[in-house]
Amino acid sequence: YTYSLLPKFVSNIGREVQIFESENDMLLSTDALFIIKMPVKPLSNAFSTKLNSWVKKGGRLLIIADHTNLYDTTYYLNEHITKLFGFKIGESAVFDRNGMQNSPRTHYSESLFGRINANDSNFEWLTGTDLKGTPYGTHVLASYGMSFSEPANYSHQNRFGSFQPNLKYPYANHASMVSKRHDNGLVTILLDSTPWSNFSVWKEQYKSLFIKVISIS
């Protein structure tokens with residue numbers, strides 16, 4: 001789950017890239033996209049306030065989340081986004097009805113409703129999470145298809161513990177990508193980090209999707 005290829009890919013499609021090493025680094029102009037990926041340390045209140053102000057002025061924020069609260073990544077993200085934007089990321093894993101990775105088929109017509117993965121072919125969302133809190137005005141950009149959301153648990157020997165499809169788990173067309181206006185800016189949340197990692201970002205379906213994410217963000 002390393003991400004060194006992601007900035008290289010963005011650079012290769014003609015976009016300027018800057019990697020932030022510290023919260024003290026200067027934010028770019030608001031004509032930019034700022035990416036936060038699964039933080040393993042909390043964001044300071046000062047940086048959170050600075051980033052919130054930047055988005056309000058027109059900046060675009062892209063947040064990459066994933067299943068489970070491993071290394072407290074979900075906790076750290078929620079500390080930032082819940083109070084500022086109203087989103088709450090779940091400590092959950094989303095599977096299809098058979099307990100496998102999600103491969104929804106989104107028809108071309110869904111593009112009329114803003115679905116950016118509407119190409120009428122199976123699109124693999126491996127295993128992401130879902131949202132437990134969604135503010136008014138949120139727009140769904142992509143979804144896992146009909147799927148179960150179960151508590152993710154790394155204490156079991158296999159991937160998340162023995163999966164048994166059960167209607168006590170929410171079964172719905174769970175969102176895999178959402179966005180919301182924030183004053184003059186935009187907040188977008190991706191709920192599966194796998195497509196953006198080194199071992200899969202090179203796949204054509206993910207490269208195509210990421211170009212769309214950048215273009216709408």
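The values are calculated or read from the model by the stated rules, or taken from the named source; none is laboratory data. Everything quoted here is computed from the prediction, not taken from an experiment. A quick note on method: Cβ atoms are made from the backbone with ideal geometry, for glycine too, and the neighbour counts reach across all protein chains shown. The area values use the complete protein model at the heavy-atom level, side chains included, leaving out ligands, DNA and RNA. Shrake-Rupley method; radii C 1.70, N 1.55, O 1.52, S 1.80 Å.
Quick notes
- Number of the exception - residue 148 against (1) farther than 18 Å from residue 195 by Cβ; (2) not in a strand (DSSP E or B): (2)
- Here residue 151 passes the criteria (1) open to solvent by 20 Å² or more (accessible area, probe 1.4 Å); (2) at positive phi; (3) in contact (Cβ under 8 Å) with a residue 40 or more places away in the chain except the one numbered (2).
- Of the strands (runs of 3 or more DSSP E) lying entirely inside the range 1-112, those containing at least 1 residues that are open to solvent by 10 Å² or more (accessible area, probe 1.4 Å) and modelled with pLDDT of 90 or more are 33-37, 60-64.
- From the options 8, 50, 37, 57, residue that is under 18 Å from the mean Cα position of the chain (by Cα) and of a type in the set (D, E, K, R): 37
- Selection count, the range 175-202, where residues are open to solvent by 50 Å² or more (accessible area, probe 1.4 Å) and in contact with a helix residue (DSSP H, G or I) (Cβ under 8 Å, 6 or more places away or on another chain): 3
- Leading residue by the ranking (most open to solvent (accessible area, probe 1.4 Å)) among those in the range 113-140 that are in contact with a Leu (Cβ under 9 Å, 6 or more places away or on another chain) and in contact (Cβ under 8 Å) with a residue 60 or more places away in the chain: 131
- The C-beta contact set for the range 1-16 (first residue of a type in the set (Ser, Thr, Tyr), second residue open to solvent by 70 Å² or more (accessible area, probe 1.4 Å), distance under 7 angstrom, 6+ apart or interchain) comprises 3/37.
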